[in-house]
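*Asks:* One structure follows; several queries about it will come next.
The values are calculated or read from the model by the stated rules, or taken from the named source; none is laboratory data. Small disclaimer: the values here were computed from a predicted structure and weren't measured. Cβ sites come from the backbone with ideal geometry, for glycine too, and all protein chains shown count toward neighbours.
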Amino acid sequence: MRILNDIGLLFIGIGMLFFISGTIGLLRFPDIYTRLHAMTKADNVGLGLLVLGLSCQADSWQTVARLIFIWILVLIASSASCHLVARSALQKNIQPWSRP
Amino acid sequence: MSFIHIAFALILLLAIAAGLFRILAGPTAADRMMAAQLFGTCGVAIMLLLAEGMESPVLLDIALVFAILAAMATITFVRRAWHSSENVGEMNENT
Amino acid sequence: MITNYLAAHHLRLADLAGIAAVRFVIFSTVWFLLTGSEMKSWLVGIPAVFFAVGLSLYLSPPGCGKLSFVGGCFFIPFFLRQSFLSGIDVMRRTLSPQRLINPGLVSYTTTLPPGAPLIFFVNTISLLPGTLSADLQGNTVTIHTIDQDLPIWTNIQNLEGRIAVLFNQHEPKENNL
């Protein structure tokens with residue numbers, strides 16, 4: 001069980017890197033669409049790895065099912081909100097940044 | 001208590017704090033809202049880490065509520081706040 | 001009321017009962033996951049599950065897309081792998097010192113039927129490497145890509161094919177059992 005615990009920590013650690021890169025993207029990318037790319041994808045993968053890591057450490061299958069349920073909820077929520085924000089931005093004629 | 005989980009939660013808190021800069025900088029309302037969306041995902045992640053780190057499974061329920069509320073907040077923002085402010089602008093131009 | 005509903009969706013009473021039973025089991029599982037093994041919670045849970053079944057029959061009537069079990073078994077590993085790759089892709093672009101992005105807009109017209117398959121398609125696009133669905137008009141999806149040099153077209157067609165299999169669009173007769 002000790003090994004499983006360490007593998008879990010490793011997954012959580014990698015997940016943290018994704019969260020950090022999502023935030024960096026949010027600060028660094030030039031327009032709203034590219035920022036949406038960074039936020040949605042990096043954070044969902046980060047949360048996925050976090051859920052995977054915590055599942056390795058969980059003591060009951062019910063906790064694992066709950067963690068996965070939370071991840072799926074966040075996946076649906078963030079892809080839907082991402083689409084809505086991008087669509088409203090297009091309708092408001094916010095032009096995507098493009099390479100000069 | 002597992003200190004490593006709490007340390008990870010603190011890293012995420014720093015990620016949120018860095019995201020606050022986007023709220024200051026904007027430039028559009030949606031950029032600011034996206035930082036709030038970051039609070040949603042990172043908030044869920046922090047709750048999950050604390051649930052394990054402080055051994056209180058109740059925090060899992062809070063993570064669930066965060067997950068649902070984050071979606072509601074963004075959808076409400078897009079459907080009400082962002083569009084209606086534009087409509088008010090159009091109405092003012094028309095009158 | 002029930003006869004109207006059956007007529008409107010071309011269903012027999014037995015079909016409707018079967019579908020409602022399946023949804024009842026699904027929502028009960030969700031309730032169990034949310035509340036744990038506390039028996040008293042079912043005092044609220046049973047009415048909530050009945051309400052959820054009724055609401056789901058109203059909001060998403062049967063027939064707007066049946067999931068195929070085998071399709072799901074193929075789709076989930078594909079999805080997990082692709083979304084992991086998309087995270088890696090974004091990480092690479094955010095952390096590199098140069099600006100590794102070349103964004104652009106692409107329009108794609110899909111053959112997926114409206115309803116569940118189309119919505120699923122639009123939402124999954126945002127979780128794949130380098131693409132983000134930015135608009136949906138009829139069956140034309142506007143896709144924002146972070147890098148125009150990526151093989152967007154191939155990726156999207158691949159995804160579309162897999163979703164068609166997931167929702168039994170290619171062999172509709174096999175799932176009518």
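*Asks:* I'd like the residue in the range C:62-87 that is more than 16 Å from the chain's Cα centre (by Cα) and free of Cβ contacts under 8 Å to residues at least 24 places away in the same chain and, out of all such residues, is nearest to the other protein chains (Cβ to nearest Cβ).
*Replies:* Ranking the candidates gives C:Gly87 first.
*Asks:* Just to be sure I understand, how many residues within the range B:41-57 are surrounded by fewer than 24 Cβ atoms within 10 Å (Cβ to Cβ), within 9 Å of the chain's Cα centre (by Cα) and either among the β-branched types (Val, Ile, Thr) or at pLDDT below 85 (or both)?
*Replies:* Of the residues in the range B:41-57, 0 are surrounded by fewer than 24 Cβ atoms within 10 Å (Cβ to Cβ), within 9 Å of the chain's Cα centre (by Cα) and either among the β-branched types (Val, Ile, Thr) or at pLDDT below 85 (or both).
*Asks:* Just for the range A:76-91: of the residues that are in contact (Cβ under 8 Å) with a residue 12 or more places away in the chain and within 7 Å of chain B (Cβ to nearest Cβ), which one is nearest to A:Lys41 (Cα to Cα)?
*Replies:* Among those that are in contact (Cβ under 8 Å) with a residue 12 or more places away in the chain and within 7 Å of chain B (Cβ to nearest Cβ), it is A:Ser78.
*Asks:* Go through the range C:132-144 and give me each residue that's within 17 Å of the chain's Cα centre (by Cα) and within 22 Å of C:Phe78 (Cα to Cα).
*Replies:* Within the range C:132-144, C:Leu132, C:Ser133, C:Val141 meet the criteria.
*Asks:* Could you say which residue among A:Ile20, A:Ile68, A:Ile94, A:Ile72 is more than 7 Å from chain C (Cβ to nearest Cβ), in a loop (DSSP other than H, G, I, E, B) and among the hydrophobic types (A, V, I, L, M, F, W, C)?
*Replies:* Answer to the selection: A:Ile94.
*Asks:* Looking at A:Ile7, A:Ile32, A:Ile94, A:Ile76, can you tell me which residue is of a type in the set (Val, Ile, Thr) and at pLDDT below 85?
*Replies:* Selected residue: A:Ile94, the only one of A:Ile7, A:Ile32, A:Ile94, A:Ile76 that is of a type in the set (Val, Ile, Thr) and at pLDDT below 85.
*Asks:* Sort out which residues of the range A:41-62 are outside any loop (DSSP other than H, G, I, E, B) and more than 20 Å from the chain's Cα centre (by Cα), and write them in order of number.
*Replies:* The answer is A:Gln57, A:Trp61, A:Gln62.
*Asks:* One residue is enough: does the range C:123-136 have a residue meeting the conditions outside any helix (DSSP H, G or I), among the β-branched types (Val, Ile, Thr), touching a helix residue (DSSP H, G or I) at 6+ places or on another chain (Cβ under 8 Å) and modelled with pLDDT of 85 or more?
*Replies:* Yes - at least one qualifying residue is present in the range C:123-136.
Okay, residues lined up against (1) among the aliphatic types (A, V, I, L, M); (2) within 15 Å of C:Val165 (Cα to Cα); (3) buried (at least 16 other Cβ atoms within 10 Å of the Cβ):
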position	(1), (2), (3)
C:Phe74	no, yes, no
C:Gln82	no, no, yes
C:Val90	yes, no, yes
C:Arg99	no, no, no
C:Pro103	no, no, yes
C:Ser107	no, no, no
C:Ala116	yes, yes, yes
C:Val122	yes, no, yes
C:Leu128	yes, no, yes
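Residue-wise test of (1) under 20 Å from B:Leu12 (Cβ atoms); (2) among the charged types (D, E, K, R).
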site: A:Phe19; (1), (2): yes, no
site: A:Arg35; (1), (2): yes, yes
site: A:Ala42; (1), (2): yes, no
site: A:Val45; (1), (2): yes, no
site: A:Gly48; (1), (2): yes, no
site: A:Ile76; (1), (2): no, no
